[in-house]
1. Search region 87-123 for residues being part of a strand (DSSP E or B) and among the aliphatic types (A, V, I, L, M), and hand back the single one that is farthest from Pro37 (Cα to Cα).
2. With the structure loaded, tell me whether Ala175 is at pLDDT below 85 and either in a strand (DSSP E or B) or touching a His at 6+ places or on another chain (Cβ under 9 Å) (or both) or whether it fails that test.
3. Going residue by residue through region 242-254, is there one that turns out to be aliphatic (A, V, I, L, M) and farther than 30 Å from Lys15 by Cα?
4. Name every residue in region 94-104 that is over 17 Å from the mean Cα position of the chain (by Cα), over 16 Å from Gly81 (Cα atoms) and either loosely packed, with under 15 Cβ neighbours inside 10 Å or among the hydrophobic types (A, V, I, L, M, F, W, C) (or both), in order of residue number.
5. Could you please let me know if Asn66 is within 20 Å of Ser218 (Cβ to Cβ) and not assigned by TED's automatic domain parsing to the domain that holds Leu240?
6. Mind checking which residues of region 43-78 are surrounded by fewer than 19 Cβ atoms within 10 Å (Cβ to Cβ) and not in a helix (DSSP H, G or I)?
7. Among the residues of region 228-267 satisfying the criterion of being closer than 29 Å to Ser199 by Cβ and among the aromatic types (Phe, Trp, Tyr), which is surrounded by the fewest Cβ atoms within 10 Å (Cβ to Cβ)?
8. With the requirement that a residue be closer than 24 Å to Cys252 by Cβ and either outside the structural domain of Ile162 (by TED's automatic domain parsing) or touching a helix residue (DSSP H, G or I) at 6+ places or on another chain (Cβ under 8 Å) (or both), what does region 187-200 give you?
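The values are calculated or read from the model by the stated rules, or taken from the named source; none is laboratory data. All of these numbers come straight from a predicted model, not from anything done at the bench. A quick note on method: Cβ atoms are made from the backbone with ideal geometry, for glycine too, and the neighbour counts reach across all protein chains shown.
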Amino acid sequence: MKKQNPPETLQSLLKYESKPGQAQRFLARVGKNFMWPSSIPEYLRRRAFIKIADVDLEFEDEVGFNIIFFYNVFDRGEFAGQENEWVTVNNQKVIKYGEEYNDDQLNHVLETMPNAIQLPVDRTRLPRSKPAKMVIAQRTNSGMIIRFEYVRIRGRRPNENIMIVFSYDFYDACAVDTGAPETILLYHVKRILGRRGWSAITMIAGGYGAPAEQIRASMMFEVSIGDDNNRSKWVQARILLWEDYSGDQVECALVGNDVTDQLAYAHEPGNPLKFLDIVDEARLTVVLNGCR
């Protein structure tokens, strides 16, 4: 039998707040004698707290209650014999035991049960992101980082008209980083494009930004990069988002190899990097084919 945590108080919950008043709202929702399950990881405590306490996420509060329910069941030993299974929980009920969903399966589940979660009984199998190495230098052993004087990043779901545009200048937080295996954008993407296509369970960042949380896309999104004069073609990537409460250790959105490896770009001495559109990409191919 695991040792129980003491009941939470307004003071003990303040460390999870991203906005004033959330601790009070959380206790009003869960009851004054609420205790965290002993087995719940700290980052999932924060995830559950924010989902329940944030007024802006009131339609997602069941995600928080489902996380707490899962670990209460775990603490009671009711998952004994299911150590290799992933558990689907919805409306604070165990729905299914099985293998981890692939993206198509997860999207199907979330279409019918938008607040459902799936977690592994074995906590060593909790999702983690690939390490991203971020160094404020132009070139590093892990790759090249380019900070732009001005850059626009566009994002959308394939075959949809809704699009989000991020505009950055040199003082804003954006870098094209060949040391980052995956593109990590801001939480604002989810606010604009909506809840569809995102996992309900966050991951801990590996490398740059750790221990901030990241949200993984469960479907492909399209990304384009450029400025007011030049922009690349649209390319597909299964992007990540920094969670809204990432902390001071996250200074940059990163455009990673999953995007840059699909794009053509050129650099002239003394000029900014130029991402090429489809027409210029074809021209560059002709020039390169003529080089020895």
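1. Applying the first criterion (part of a strand (DSSP E or B)) to region 87-123 yields 87-90, 93-98, 117-120.
Now narrow it down to the ones that are among the aliphatic types (A, V, I, L, M): 87, 89, 94-95, 117, 119.
Working: Val87: 17, Val89: 16, Val94: 17, Ile95: 20, Ile117: 17, Leu119: 15 Å.
Ranking the candidates gives Ile95 first.
2. On the way: at pLDDT below 85: yes; either in a strand (DSSP E or B) or touching a His at 6+ places or on another chain (Cβ under 9 Å) (or both): yes.
Against the criterion (at pLDDT below 85 and either in a strand (DSSP E or B) or touching a His at 6+ places or on another chain (Cβ under 9 Å) (or both)), Ala175 qualifies.
3. Taking region 242-254 and keeping what is aliphatic (A, V, I, L, M), we get 250, 253-254.
If we keep only those that are farther than 30 Å from Lys15 by Cα as well, we get none.
No, there is no match, as no residue in region 242-254 is aliphatic (A, V, I, L, M) and farther than 30 Å from Lys15 by Cα.
4. From region 94-104, those over 17 Å from the mean Cα position of the chain (by Cα) are 94-101, 104; that's our starting set.
Of the ones still in play, those that are also over 16 Å from Gly81 (Cα atoms) are 95, 100-101, 104.
Hits for region 94-104 are Ile95, Glu100, Asp104.
5. Details: within 20 Å of Ser218 (Cβ to Cβ): yes; not assigned by TED's automatic domain parsing to the domain that holds Leu240: yes.
Yes, satisfied.
6. Arg76, Gly77, Glu78
7. Filtering region 228-267 for residues that are closer than 29 Å to Ser199 by Cβ and among the aromatic types (Phe, Trp, Tyr), the one surrounded by the fewest Cβ atoms within 10 Å (Cβ to Cβ) comes out as Trp234.
8. Taking region 187-200 and keeping what is closer than 24 Å to Cys252 by Cβ, we get 187-193, 197-199.
Scanning region 187-200 gives Gly197, Trp198, Ser199.
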